[in-house]
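Structure, as structure tokens:
The values are calculated or read from the model by the stated rules, or taken from the named source; none is laboratory data. Bear in mind the structure is a predicted one, so any value in this text is a computation, not a measurement. Reconstructed Cβ throughout: ideal geometry from the backbone, glycine too, with neighbour counts over all protein chains shown.
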2 protein chains.
Amino acid sequence: MNYNQLVQQITKKRSFLCVGLDTDITKIPDFLLLTDDPIFEFNKRIIDATAPYTIALKLNTAFYEANGVKGWVSFEKTINYIRLIHSSLFIIADAKRGDIGNTSKMYARAFYEKMSCDAITVAPYMGKDSVTPFLEFVDKWVILLALTSNDSATDFQTLEIKNSESTLFETVLEKSQKWGSINNLMYVVGATQASQLKKIREIIPDHFLLVPGVGAQGGDLVEVAQYGMNNTCGLLVNSSRAIIYADKSKDFDKVAASKAKEMQHQMASLLKLKGL
Amino acid sequence: MNYNQLVQQITKKRSFLCVGLDTDITKIPDFLLLTDDPIFEFNKRIIDATAPYTIALKLNTAFYEANGVKGWVSFEKTINYIRLIHSSLFIIADAKRGDIGNTSKMYARAFYEKMSCDAITVAPYMGKDSVTPFLEFVDKWVILLALTSNDSATDFQTLEIKNSESTLFETVLEKSQKWGSINNLMYVVGATQASQLKKIREIIPDHFLLVPGVGAQGGDLVEVAQYGMNNTCGLLVNSSRAIIYADKSKDFDKVAASKAKEMQHQMASLLKLKGL
């Protein structure tokens, strides 16, 4: 999916919601455990129920890897299902990959070609040549970690760099924006750091931001929109646990849908406020 | 495997070689493509042939993920085979993972429990709470990226941090060594940066270092040992392409063994020089 198509979806659905499929076998409703592939059944029902309110789906690879080969079967089935039934949804592999060039290229092939995701999250520590192999695929995206939503983000990301006015995460933004363009590069910016969004928008006014941490991790949607929204929206706000584990009954998907709808309504207001 | 067991293996085999299983379906001998699982068959023969000269095996997850579910089957089969037939080998998942706490915990379960690896490489960008979930497993190891072997390592890792005498990678070493101990924490230090090893050993004299980049990437073994070896060796030097793709004939495994043996001989001399 390209930049314009993504913006069109946002405008059409009046939403910039990304639902995180951090699907944990120990947290899904018990009755699903009787099915052949409980993880896939759960995902399928969550996706069908929340799709009207959702722009993107983010699959956290750790939760699939934890189930070994079976987990990867669930992962691939989920992606194939989205491609078949909900083809306008933007699919993010939240994988935090990144390695030397020839290895990053293999990861890119894995997630863009073998599994036909639209985007993959990438860690910046190894620098340009660990990221650019991901940028060579048409209409595919890198979502580079900048400022993350966890407490320890301050261990390294906010350290100030000598002979500059920038912290490490600001340096990551400054340097990396030259590696790609607004058409293939987004950034992860944690919602728990909303006050930092203003400064971030000074460095990268036009790039899309993927904002995790709204909901269970304590981030605030109104603040995120206030500081992070740009003229084409430029935001994908992720919610995982607060939507997918809102309920454990047979109607878990309906409850998830109502939570997603609630966020979509709030998002519609915020888009309207911005004249979008 | 714990610290003492690892040192014992090094002393017994007179080697600190790690063979990297970056197994690429397009690079293995053609005749293997007729088997059910060419990646596994290749790995099995490389492992059997090189085991006498080898302390550790490093599986680069990207090369398995690139084949989707089938790749993960090959990955698990390879690990099960090592556990069964070569139980004294130290198994590293070169996965460069790292995420918020609950996600890192899932990755730890995936690689330590589901796949019974001894160690996993972890990226430090997200800080302490993204790393410590990996350190909670008995006799399992984190191998944290410090200074990598790729050209772009200088983009961020060697930036100097304000109000300190340290670069970013030195700060990573200084802070992170308090998160674990020499019994569960190693560091990745690229062999192409051997001149930096002296400074690194001043910060972390006792930790094991995993050194990639010898061979195809141009690192020099003698220099690595000169600056990096400590009183219990403290090194695992990885070679991937220079060993596993040394030959494409039916005897590829014998050629790989001779390359591994060559390195082991050199390593035996370097250990002797150090009085080990």
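A few notes on this one:
- Given (1) in contact with a Lys or Arg (Cβ under 6 Å, 6 or more places away or on another chain); (2) over 27 Å from A:K259 (Cα atoms); (3) more than 7 Å from chain B (Cβ to nearest Cβ), index of the condition A:Y53 fails: (2)
Residue-by-condition table, conditions (1) surrounded by fewer than 24 Cβ atoms within 10 Å (Cβ to Cβ); (2) of a type outside the set (G, A, S); (3) more than 30 Å from A:M126 (Cα to Cα); (4) over 16 Å from the mean Cα position of the chain (by Cα):
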{"residue": "A:P29", "(1), (2), (3), (4)": "yes, yes, yes, yes"}
{"residue": "A:I39", "(1), (2), (3), (4)": "no, yes, yes, yes"}
{"residue": "A:T50", "(1), (2), (3), (4)": "no, yes, yes, no"}
{"residue": "A:E65", "(1), (2), (3), (4)": "no, yes, no, yes"}
{"residue": "A:K77", "(1), (2), (3), (4)": "yes, yes, yes, yes"}
{"residue": "A:N80", "(1), (2), (3), (4)": "yes, yes, yes, yes"}
{"residue": "A:L84", "(1), (2), (3), (4)": "yes, yes, yes, yes"}
{"residue": "A:R97", "(1), (2), (3), (4)": "no, yes, no, no"}
{"residue": "A:A110", "(1), (2), (3), (4)": "no, no, no, yes"}
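- Subset of segment B:237-276 (residues that are closer than 19 Å to B:K13 by Cα and β-branched (V, I, T)): B:V237, B:I243
Here's the yes/no breakdown for (1) aromatic (F, W, Y); (2) touching a strand residue (DSSP E or B) at 6+ places or on another chain (Cβ under 9 Å); (3) buried (at least 17 other Cβ atoms within 10 Å of the Cβ); (4) under 15 Å from A:A56 (Cα atoms):
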site: A:L221; (1), (2), (3), (4): no, yes, yes, no
site: A:G228; (1), (2), (3), (4): no, yes, yes, no
site: A:N231; (1), (2), (3), (4): no, no, no, no
site: A:V237; (1), (2), (3), (4): no, yes, yes, yes
site: A:S240; (1), (2), (3), (4): no, yes, yes, yes
site: A:K250; (1), (2), (3), (4): no, no, no, no
site: A:K259; (1), (2), (3), (4): no, yes, yes, no
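- Members of segment B:92-107 that are in contact with a Phe, Trp or Tyr (Cβ under 6 Å, 6 or more places away or on another chain) and either under 24 Å from A:N102 (Cβ atoms) or more than 9 Å from chain A (Cβ to nearest Cβ) (or both): B:A93, B:R97
- Listed by first and then second residue, the pairs linking a residue in segment A:119-133 that is facing chain B (nearest Cβ under 7 Å) and surrounded by 23 or more Cβ atoms within 10 Å (Cβ to Cβ) to a residue that is among the β-branched types (V, I, T) and not in a helix (DSSP H, G or I), with Cβ atoms under 6 Å apart and 6 or more places separating them unless they lie on different chains, are A:M126/B:T148.
- Out of A:D30, A:D37, A:D22, one residue alone is closer than 19 Å to A:G213 by Cβ and of a type in the set (D, E). It is A:D22.
- Per the listing A:S104, A:S88, A:S166, the residue uniquely in contact (Cβ under 8 Å) with a residue 40 or more places away in the chain, among the small types (G, A, S) and in contact with a helix residue (DSSP H, G or I) (Cβ under 9 Å, 6 or more places away or on another chain) is A:S88.
- Checking each residue in segment B:141-156 for being under 16 Å from A:S164 (Cβ atoms) and either β-branched (V, I, T) or more than 7 Å from chain A (Cβ to nearest Cβ) (or both) picks out only B:T154.
- Unmet requirement for A:N163, which otherwise passes all of (1) buried (at least 22 other Cβ atoms within 10 Å of the Cβ); (2) part of a loop (DSSP other than H, G, I, E, B); (3) not aliphatic (A, V, I, L, M): (1)
- Within segment B:61-146, helices (runs of 4 or more DSSP H) holding 2 or more residues that are at pLDDT 95 or above and among the β-branched types (V, I, T): B:68-85
- Hits in segment A:166-201 - residues which are in a helix (DSSP H, G or I) and touching a Gly at 6+ places or on another chain (Cβ under 7 Å): A:A191, A:T192, A:A194, A:L197, A:R201
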